[in-house]
Every structure is written in C-alpha cells, then in structure tokens.
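Let me begin by presenting the structure, written as structure tokens, before commenting on it.
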C-alpha cells in the first residue's frame, strides 16, 4: 500500500524589494500581505528563509535585513514557531509590551499572535515550526500568544543546534524524515514545558533563592522585572524574598543588577554588537539607560560595590536625578570589558 505521507523537501523563500537576488521562490510584499504578513523596510531589505519542510513541521534558517514585519492573527496557520537569535537583534511588540532579544535568546509565536517584529540590525535566526497539536499532546500549550522563551540556556542551546543542523541537511528519506520530525516535535514540546515551569507560580517547597535567581536569569532583559514582581511570580511576600536573599549574603535588587551587568558585558565583548549603540546595549540588558548601565559597570569593578542597588538601577531611569536615557559612546562602556573586540558587524 502506497503511503500518503509527503516526503521531506528543501525549500528556499526570499521576500523583499524588487530584484532581490539569491534564487529560490520570490515572495513580494503583496504576496505576504495576502498571508497576513505585512513587511516594511529600507531600500534593499530582504528576508531569506531556507531549510527542510517535513509532513507537519519545518526547520529553517532566516536571514533578515533591517526592517519589520507585522504578523496578523492566523498568518501562521495552526503552527507554533520558535525562533532562536543567532546574531543581530529582534524586538517583539506584542501583548502591550516589547521584548528585545539578542544572541542566545529565543521567542515563540502561536497561531493567534498579532504583533510587530522588528530587527534593527542584520539578523540571523534559527527557526522551527510545529503544529499546535504537538504542544497540546504533551500538555505544553503556552498561555500567551507570543513572547520571550523562558528556558535555561543549557536546554535552549542543544535544541537550537539540532534545529540548525536539520535546516542545513539535504531532504532525508521518508522513514528517516519521520524520525527527525518526531525529534523536532518532542524537543520543542520540551522547550514549551520548560517555559511553563518558569512562569509565575508558587515556589512550592523549592529552594526559594535558587528559584528567584533562575527567574532573574531567564528574564534579566525585561525592564519590568523588579524585586516586587519576582515576589509576585513566586507567590511569596517581598519581605520573605528579601529575607531569603539576605540569609545568602545577597539582595534581590543586587542580583538583578549583577546578572544584567554580566549580560551587558557579554554583549560589549561580542563583535556582532559593535554597531549597536550603548543605549541599545543597555536596553537589551534590561537597564533604563546607558547612564545606569555605565554606573553598574563602574560599581562592578569596585572592590566593595553597594549591596542595596537603588531601584532605578534595576529598571527605569531616574528622571529626577537628570538621567534622561541619552546615549554615550560605546567605548566608554567597553573600557569595563577589556577583552571586547571592536570589529565591524559581519554581513549575512
């Protein structure tokens, strides 16, 4: 009996300005608008996607020049998309908020997602798309339609690498393709379960300090993250949370500031971010302005930094003190990351 399953095949799609080069199927802005995707960008902008399509799922690499795309509800069909930032920067404007993601971070879009996705730099993503039913079968349906993926790097990294490897292979034979597709779906369901585990919930007997630090690690780039919001997420009082940190010789605000500062230093050392302004680095790391990031970097180099960081160092700029969020030369920040190379951003 002949199987009705569709054999895996490679695909290449290019969307962009007239005359975009590179071969493959060309999708114009009008073609995408008909699918609920409205794109906008400067002259010469383009999006290129190339990978492998299986019977229900797909894995591909997506390269985007500066611009934005409006994703309308239903444009993803019945699929859930997980995107991993390889280089560049992605901003998601969804649910009344904005998430900014850099290399090593990931996001998800569900079928009813209605949002704007922006990339201010040349950006490379690794993407996997699976049916919503896969998450439902594993009890991993996500409560929000879009957002930052809250999962530990130790889990995100291997999934991203596997998806990237699949996207670059030749289309496998049907039997091998079914096994690969099953692995893709199981791994993405695992990511969704990990995300759900990191969502606001009672800490239920877990090590409260460890749970709070893990939450900070996954959400350090979110400027809305504060000691009070962490307490709410873990269903404990702020006083209880502060006492738990104090017993470990730490403070909640200090931990937030410390992890954000470490992440900002990683970005400053990354040549892929050489073209990003200091304000952009500050935003990605969760600081309210380049000035507050500069102050955090200075304090981190001190032998005795303050344990009780003021609240404006945790998130928003202190307007009353004259902190307006103005930019400053990135070299002023790079001096606190002496190994940071100052190289131009590689092209896609």
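Quick note: the coordinates plus some simple rules give every number you see, no bench work behind them. None of the values given here were measured: they were computed from a predicted structure. Because the Cβ atoms are built from the backbone with ideal geometry, glycine has one as well, and the counts that use them run over all protein chains shown.
Before moving on, here are some points about what is shown:
- Principal axis box of region 48-202, alpha-carbon based, largest edge first, Å: 44, 41, 31
- Convex hull per residue volume in Å³, alpha carbons only, for region 99-173: 135
- Among 71, 116, the order by Cβ neighbours within 10 angstrom, fewest to most, reads 116, 71.
- Legend: P(r) of region 234-308 from all alpha carbon pair distances, 10 Å bins from 0, whole percents, reading 19, 42, 28, 10, 1.
- Taking 137, 270, 250 and counting other C-beta atoms within 10 Å, the order from fewest to most: 137, 250, 270
- Gain upon complete extension [residue 229, residue 182; 0.36 nm per residue less C-alpha separation]: 13.2 nm
- Scaled against 2.2 N^0.38 Å for its residue count N, the alpha carbon radius of gyration of region 152-284 is 1.35.
- Once the Cβ-Cβ distance of residue 170 and residue 214 is raised to the sixth power relative to R0 = 35 Å, the FRET efficiency obtained is 0.35.
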